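Read through the structure below, which is laid out as structure tokens, and then see the notes.
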Amino acid sequence: MEQQRDLFPGALEMMILQTLRRGPQHGYALAQDIKGSSDDLLQIEEGSLYPALQRMLKAGWLNAEWGVSARNRKIRMYRITPAGRKQLEQQISSFERMLKGITRVMRPAQS
Amino acid sequence: MKWLRDAIRRRQINRAVAEDIESHIAEKAADLMDAGMPEREAQLRARREFGNVALSIEDSRAVWAWTRLERVLQDLRHGIRLMMRNPGFTSVAVLSLALGIGANTAIFTVTDALLLKSLPVEKPEQLLVFANWDDAIHQWVYFFTWREFTALERRTRSFSGLAASWSADRTNIQANGAEDEGPVHIGIVSGNYFSVMGVRPSLGRSFADGETAVVISYAYWRSRFGMRPDILGQTVGMNGTAVTVAGVAPRSFTGDSVGQPMDLWIPVTLAPRAVFRWPQRLDNNPVRVIARLKPEVSPRQAEAEAKIVYRQIAQELGRAAAQNPNSLALLPEGQGISRPREHYRQPLVALTIIAGLILLLACANAANLQLTRSEARRNEVALRLALGARRGRIVRQLLMESLLLALAGGAAGLALAAWGTAALSRLGRLGPWGVELNLAPDGRVLAYTAALSILTGVLFGLAPALSVSKVALYAAVKGTSKGPGRFQLGRLLVVLQVALSVVLVMGAGLFVRTLRNLKSQDLGFEPEHLMLVRTNAAPRGRKAPPAGLFDEIGSIAGVRAVSVSQFGILRPAMFVEVTVPGRPAEKPADRIASCDRIAPRFLQTLGMRLLAGRDLMPRDMREPPRVALVNQSMALRFFGSADVVGRRFTIGDQSSDPAIEIVGVVQDAAYNTLRNRGAAMVYMPQGADWQDISDSTLVVRTASAVPGIAMQVREKLRAFAPGVTVRSTDWTDAAIDQSLATERMVAWIAGLFGGLALLLACLGLYGMMSYVTARRTSEIGIRMSLGATPARVIRMVLGHALALGIAGLIVGVPAALAESRLVAGLLFGIGARDVWTIAGAALVVIAIVVLAAWLPARRAAALDAVAALRCQ
């Protein structure tokens, strides 16, 4: 089940939640959005998006319903739930703590 | 039904994810096309950038629970399809596994019932039995006198209850208005027996000491009373006494002697009246003492207390103490005590070993077949690995196929086991102990079979599965993979098969020769045309039978001679303690001899040979006896000489009785058992009432196997011996055959499995050699083009096979010797290290090795060198 990821565990989920907080999206747009807003710095593997979405559906952070895309194609729209928002806040705060820690460790080496 | 809802939901999710991903790719491709990319390229790129679609779907699905099971089901379906596609492979593997598992299950069923199970009583672990190790007969002795029992009961504090129990099968019973021809097994117990055992009658109540009451077993209630609901209060006639039925025991409880179910129980106080030949005074009655521990007392504390108390009692009783107070022990009684258990322990151990080996062999065989087959699937496996299947998944799937085979084998094995169990239980019933066991397969047996099947599947599936999953991707897909694993593992398996065959063939040789030796030995009497008629005890207080019964039977056409003895041949007689004046025996074992009480003309009727002196005459028939016959072994062991006519000895504690004079010496005979011709034997005269044939064995010698003679003898008995019922009539040669039932079964199973082992080893080796020669085709082609002759090629292939065979022998022969040492106690007339049997087994196995390699060798030698070279 464990695959090699460039990201740390939970990062993908966090980004998905963050993106969806701005409004419901379908899978492809979600992937584009994440890529785009990271200025293409993060290459997320599109295939890994769907298992993550399922995990989050199961956890109740998201719900999904069928809709129609701009190109008139049947798509699945993912929407963040209140539980998902709460989860995102927790993840962000622990992420920030972690980032602070890492930055402190890394800074002397740079100077 | 939740799982069904989940399953439906999972299918929906499955579809949703797949659709979702497809629209993802389509959207992306559309975007790319908008940016000016040609449609085809856009499609491909969108797909490539997405990654592995199937894996993504599978991982998405894995998020939801149950997928593990679903995968198992998928593997299962796949496995079943594969099994159906290879019926030949499947049936050989399933059949050999079924034999292995079936044999193990059948033997476990019997072993469990006879050796392992606890009595169906409350808290069986609290039950203990008083015992004493008797060096003379190398057995635990369980009897104490009634007086000792009551003293123990009064003075010990460790027990919540102490019960007395003994059994007898010689009495005369009228049940439900009819004479019961029996044998009827009577439990003779103290009034608190059922409460100490922790058994509540399923109907009515138990009895108290002093009552004229009986508790009947469930089986007896069913067979003799048709489960009459008004059974309570009915009477049973026992030895002329009317005894009231107080209760019916629960169905599961058949007494404390496993394998010998009791038909009814009476209070010990009733035994002198109700049981034939039971001593009239209770004090010295032998009883088995069963104790239930108080919960807070440990068995060791209880034993310490019992030893002290019994030492006091023995001191007070002096010489009359039944047991040596120093070697008293309290043994666990939770499984009951059972003589048949001791008798069958060794044969069961031997059969367990044989069945275990054959299962191991079936495993090796199945592993080999599985290996060959998965080898053919190397490319499929490589392809699946290349497509992103995980190694674990592949191993799991291959294992699943093995498990499926094993479970199919287990299911077929259960059917075989039912048949095998029935055969074993018939043997037990016909054997010397008349063992009756409840052998219906229960949860324990099913659990054992299931566990065995799964273990088997893993055992033979794991190595091939691991070996195949280690395939080198690139080489395999190109089709040039050779898989070194198969070679090593396959060779190892063949060596294992050969080694196991040696062990099994050697075992078969030993057991078959044992059976032949037992059958062909000089018995010391003439078994042909000799009828054995066993009678039941007659009721007390009947009229004395008229004299002349023997003349009457003798007058039946075809009858040549008639006589009678108390025990008769081919069954255990009684032991007596012999003392020779002036020759004190050093070891207690040297004081014990077997003894039967015989009538005039007994030797002549049986065809036993008198070596010196004279036969017993009617005038010798008196109580106490003055004269006796002994056999050669008795003479040599007790007197150190065969010339003992006129010498004297005493038996038992009867030092006050006049010494007994030896008037004749008889040749040794296989009297009590076929195995112990050399046992010391004393033939005492019957009492003056020797013509009263109650509870004895009549021997009738006829001119030929006259049909209907048994009927005529029965008629004469009815007319001239009123009240005596016939328990059984058997021709002696048939009875001998029957008494060899266990040996025949062991020899038969060992022989069958030895043959099967050879067949499986042959198949394994043949497969192996075919594979090897096929792989070496080009090498052989080169050799032949360089001038190797076909004979040389044959020699090369055979040499290879022989090397494997010899490796098998090197492992197998020591293993066979170890096995035969384990079963040495079962052999007769042959040593456990018999050189000829070992050599024979080795030779047979090597012959089979050569036979198995012959065809592949011929095929290799017939190769066309050019074609062989072109093959690469």
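Read-outs throughout are calculated quantities, based only on the coordinates presented, and are distinct from any laboratory measurement. Keep in mind that what you see is a predicted model, and the values were worked out from it rather than measured. When we count neighbours, we look across all protein chains shown, and the Cβ atoms used for this are built from the backbone with ideal geometry, even at glycine.
Per residue of B:42-52, other chain Cβ atoms within 10 Å of the residue Cβ number 2 on average.
Put a dot 7 Å past the Cα of B:R281, heading toward its Cβ, do the same for A:R97, and the two dots end up 9.3 nm apart. Each of the peptides B:91-101, B:822-832 was scored by the mean count of other Cβ atoms within 10 Å over its residues; in descending order, highest first, they stand as B:91-101, B:822-832. Ordered by the count of other Cβ atoms within 10 Å of each Cβ, fewest first, B:I810, B:I173 give B:I810, B:I173. When shorter helices are ignored and each DSSP H run of at least 4 residues is given -39500 (n - 2.57), the per-residue value for chain B at 222 nm works out to -17500 deg cm²/dmol. Above 16 Å, the calculated P(r) of region B:798-865 contains 56 percent of its Cα-Cα pairs.
If packing is taken as the average number of other Cβ atoms within 10 Å across a peptide's residues, how do B:497-505, B:141-149 rank, most packed first?
B:497-505, B:141-149
Helix A:27-37 and the longest principal axis of the Cα set of chain A meet at an angle near 30°.
For the protein assembly as shown, the convex hull spanned by the alpha carbon atoms encloses 296 Å³ per residue. Using C-alpha pairs under 8 Å with a sequence gap of at least 6, the mean separation divided by the residue count of chain B gives a relative contact order of 15 percent.
Look at the Cα gyration tensor of region B:227-271: its axes a ≥ b ≥ c give a/c of at least 1.5 with a/b at or below b/c, and that counts as oblate. Enter the Cα centre distance for the pair region B:828-861 and region A:32-111, rounded to the nearest angstrom. Spelled out, the Cα-based centre of one part sits 71 Å from the other.
Largest first, the three principal axis extents of the alpha carbons in region B:14-132 are 101, 43, 21 Å in whole numbers. Could you tell me which of rounded, prolate or oblate describes region B:755-872, using a ≥ b ≥ c as the square roots of the eigenvalues of the alpha-carbon gyration tensor, with rounded for a/c under 1.5 and, failing that, prolate when a/b is larger than b/c and oblate otherwise? Verdict is prolate for region B:755-872. With contacts taken as Cα pairs under 8 Å and at least 6 residues apart, chain A reaches a relative contact order of 26 percent. The alpha carbon centroids of region B:409-428 and region B:324-391 are separated by 17 Å.
For the peptide A:64-76, the mean number of other protein chain Cβ atoms found within 10 angstrom of a residue's Cβ is 3.
Basic side chains Lys and Arg get +1 at the Cβ, acidic Asp and Glu get -1 at the Cβ, and with that the dipole of the protein assembly as shown about its Cα centre reaches some 2760 debye.
By other beta-carbon atoms within 10 Å, ranking B:H138, B:H24 with the fewest at the front produces B:H138, B:H24. Residue by residue through A:50-61, how many Cβ atoms from other chains fall within 10 Å of the Cβ on average? Mean number of neighbouring Cβ atoms from other chains: 5.
Protection proxy ranking for B:353-364, B:551-562, using the average of other Cβ atoms within 10 Å per residue and placing the highest first: B:353-364, B:551-562. Helix B:339-376 axis versus longest C-alpha principal axis of chain B: approximately 10°, rounded to the nearest ten.
Which shape class, rounded, prolate or oblate, goes with chain B when its Cα gyration tensor gives a ≥ b ≥ c as root eigenvalues, a/c under 1.5 marks rounded, and past that a/b bigger than b/c marks prolate? The shape class here is prolate.
Taking 11 Å as the cut-off, the amide N atoms of region B:260-281 that come nearer than this to a point 7 Å along the Cα-to-beta-carbon line of B:D209 belong to B:268-269. Between 0 and 90 degrees, the angle of helix B:835-861 with respect to the longest Cα principal axis of chain B falls at about 20 degrees. In region B:194-318, the ratio of gyration radius to Kirkwood radius, Rg to Rh, stands at 1.04 when only Cα atoms are counted.
Apply 1/(1 + (r/R0)^6) to the Cβ-Cβ distance of B:Q139 and B:I810, taking R0 = 45 Å, and write down the FRET efficiency to the nearest 0.05. Efficiency, rounded to the nearest 0.05: 0.65.
Pairs of C-alpha atoms in region B:104-171 farther apart than 16 Å represent 68 percent of all such pairs. Evaluated at q = 0.10, 0.14, 0.20, 0.23 Å⁻¹, a Debye calculation over the C-alpha positions of region B:301-404 (equal weights, vacuum) places log10 I(q)/I(0) at -0.62, -0.79, -1.05, -1.17.
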